[in-house]
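Heads up, the thing below is written out as structure tokens.
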Amino acid sequence: MFLALKEIKHAKFRYALITVMIMMISYLVFILMGMMLGLANENKAAINSWGTSTVFLNKNANGNLSASMLTKDQLPSRLNKHEALVGQVPVVVTRVGSQHKLKENAQVIGLDRQQFIAKEKIALTAGHQAKETHQVVVDEGLRAKGYRLGDRIRLNSSEQKYQIVGFTKDAKLNVAPVIYTTLTSWQQLKGVNNRVVASGVVTDRTEPASRFDQLSRYTAATFIQKLPGYTAQNNTFTFMIAFLMVISLVIIAVFLYILTMQKMNNYAVLRAQGIPAKHLVGATLAQAVILMLAGVIGGIIFTWITQLVLPTTVPILMNWPIIAGISLVLIILGMLGALLPVRMILKIDPVKALNN
Amino acid sequence: MTAIKLTNIDKYFGTGLSRVEVLTNVSFTADLGELSLILGPSGSGKSTLLTIMGGLQTPDQGEVLIDQQNLTKLSPKQRDQLRLNKIGFVLQSYNLLPYLNVRDQFKLVDRVKGKGNLPQAELDHLLTELGIDRLLNQYPGELSGGQNQRVAIARALYTDPQIILADEPTAALDSNRVKVVGQLLKQMAQDHHKAVIVVTHDLRLREFADHTYQLMDGHLTREA
Ligand SMILES: Nc1ncnc2c1ncn2[C@@H]1O[C@H](COP(=O)(O)OP(=O)(O)O)[C@@H](O)[C@H]1O
Ligand SMILES: [Mg+2]
């Protein structure tokens, strides 16, 4: 520690530069992580909020809820209280009679108001549950976009007007706010006849495939994996994050390697004088940890500030336990990066001290 | 009193046709309080001999005794320990870490070797004697070549070793400086009661030596 700190103190500028670099990389890692979690959440929040355990879809739908259509004859005559019909259709929302043209992409979810999702799972943050056919409860996201309780909205170009009577949170699907309506409204918006009753069946307890033998069964996890773009998006983020972490390892390795190279003659003399190699190795490892720690703490501070100033509409979700975990991994990577210079130090031949 | 004793040392490098015999049947003794000077042209094996005395290399034949300990029989760790406690090196260059000021060069030694270093009063005295007592806050890069070499000598003496091994300590110095360093080395032997062994091709150091040796074609001979 003595040597590590003395050297940093003597060459503040170089160490500061590397720390800033590590800080920027860790900041980028944290922000990407936040975006990944935020977008993932906007893809699936609604599904999670229903307490989804299994999903049953048309066999040809390939796990895609909005591509699935269920007819009455594919279902048992009665559903139990853990099962709910769900109809999904993407729409464009327009506010009626507003000066400013408010237009938003949204996902309509049609529900049977007697089934568990509508009855139990839609937690309101404002207003009341829908009582009449054309009343809707919508995601908070629309409030942030300027929609208010009592606003009348049009879905797609239909003549039918709907009224917003309640807001709910965590109602996001495929990165769009959800509008909860009835299955009848869903049928109209989807343009299907009465024979088609829903897109799928969602259950909040695990049900066997045999329960709906004409349908395909998905666990909540596989259903989410199959959300359009979800897996690809996560993979992209994961790749970027992993690559940045490797870059930080390389930066530390190259930096400490160059510094160690410059000190080899001095280290040979120290070894000749009987200073144990572990003392010199300790200094290098300590520097790797100090650099990483300082950089990561800086990155966390900037991430925290970013979260404070970001508007809530930006889909970034800071998960501090995960950030702490990544920080730990970065510090460990820093120590791995130090292994190259450590190896050089261990291989120093003190005889070289006399043959310069 | 004998500080170090080498008997019948052989050292060669390489094998077969490329085998070079650097030291042949070298025997040598140095006593506390004396300065031994080993002269030889470049490539004659002076540094090799010094590394063998310091336990940095093992000879192919013969033995090295310091305090009844045979260096060739010690483990690398034990040899580190022995160098730290009993030997001080003064080398041509890189004696001082560039990022430690003079004071911290000594502190580093304290970190590694907690006991047996010079007490503060003696260190202060030594620094004054060497004329470097005002340089404690300076970094090696801020010192002249001569000042650097004097700090290196103080650093070597700080662990209070019985043997000082110096490899070309005057290589980078002008004639006046050579005199000063020669004087210092002699002082180290006489006043501080060390066995000082200097290998060099610098004949100007001859006048300070108690004993002078010639190293030539692998053979060490003592001058009358
Ligand atoms: N590790 C080694 N491998 C091969 N040859 C060496 C090695 N070390 C020294 N030598 C050779 O031994 C001879 C003596 O080297 P050295 O002891 O450094 O001489 P000096 O210090 O007197 O200039 C030289 O010819 C040198 O090339
Ligand atoms: Mg030499």
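Our Cα-only numbers for the range A:1-149 put the radius of gyration and Dmax at 24.9, 81 Å. Partner lysines whose Cα lies under 22 Å from the Cα of A:Lys12, excluding those fewer than 8 positions away in the same chain, are identified as A:Lys263, B:Lys107. A straight line joining the Cα centroids of the range B:98-132 and the range B:24-82 runs 26 Å. The calculated Kirkwood hydrodynamic radius for the range B:44-128 is 15.0 Å, given to one decimal from all distinct C-alpha pairs. In a shell of Cβ-Cβ distance under 12 Å around A:Leu173, excluding A:Leu173 itself, what net charge do Lys and Arg (+1) and Asp and Glu (-1) give? With Lys, Arg at +1 and Asp, Glu at -1, the net is -1. According to the Kirkwood relation over distinct C-alpha pairs, the hydrodynamic radius of the protein assembly as shown is 30.3 Å. What is the Cα centroid distance between the range A:300-322 and the range A:3-77, reported in whole angstrom? Centre-to-centre (Cα) distance: 13 Å. P(r) tail, the range A:249-356: Cα-Cα pairs separated by more than 19 Å, 55% of all pairs. Dipole check for chain A: with +1 at the C-beta of Lys and Arg, -1 at the C-beta of Asp and Glu, and the Cα centre as origin, the magnitude is about 360 Debye.
Of the residues A:Thr238, B:Leu118, A:Ala221, the one whose Cα sits farthest towards the positive end of the charge dipole of the protein assembly as shown is A:Ala221 (charges of +1 on Lys and Arg Cβ, -1 on Asp and Glu Cβ, taken about the Cα centre). One equal scatterer on each Cα of the range A:77-167, no solvent, Debye formula: the resulting log10 I(q)/I(0) at q = 0.15, 0.21, 0.22 Å⁻¹ is -0.59, -1.08, -1.17.
Can you work out the FRET efficiency for the pair B:Ser42 and B:Leu65, with r the C-beta to C-beta distance and R0 = 25 Å, to the nearest 0.05? With a Förster radius of 25 Å, E is 0.30. Between the Cα long axis of helix B:120-130 and the first principal axis of chain B there is an angle of about 80°, rounded to the nearest 10. Candidates A:Val96, A:Met318, A:Ser66 compared by Cα position along the dipole of the protein assembly as shown: farthest toward the positive end lies A:Val96, with charges placed on Cβ.
The alpha carbon convex hull volume per residue for chain B rounds to 130 Å³. Just to check, using Stokes-Einstein with a Kirkwood Rh over alpha carbon pairs, what's the diffusion coefficient of the range A:108-149 at 20 °C and 1.002 mPa s in µm²/s? D, rounded to a whole number, is 189 µm²/s. Antiparallel beta bridges, as assigned by DSSP with both residues in the protein assembly as shown, represent about 65 percent of the total such bridges. On the basis of the beta-carbon distance and an R0 of 51 Å, B:Asp191 and A:Lys12 show a calculated FRET efficiency of 0.80. Listed cross-link partners A:Lys121/A:Lys226; A:Lys347/B:Lys46; A:Lys145/A:Lys226 are compared with a 26 Å cut-off, the Cα-Cα value being larger for A:Lys145/A:Lys226. Rounded to the nearest 20 debye, the dipole magnitude of the range A:207-356 is 460 debye, with +1 charges on Lys and Arg beta carbons, -1 on Asp and Glu beta carbons, and the Cα centre as origin. Whole Å is fine, so just give me how far the alpha carbon centre of the range A:212-253 lies from that of the range A:110-173. Spelled out, the Cα-based centre of one part sits 31 Å from the other.
All of the numbers you see were taken from the coordinates with simple rules; none came from a lab. These numbers come from a predicted model, not from an experiment. When we count neighbours, we look across all protein chains shown, and the Cβ atoms used for this are built from the backbone with ideal geometry, even at glycine.
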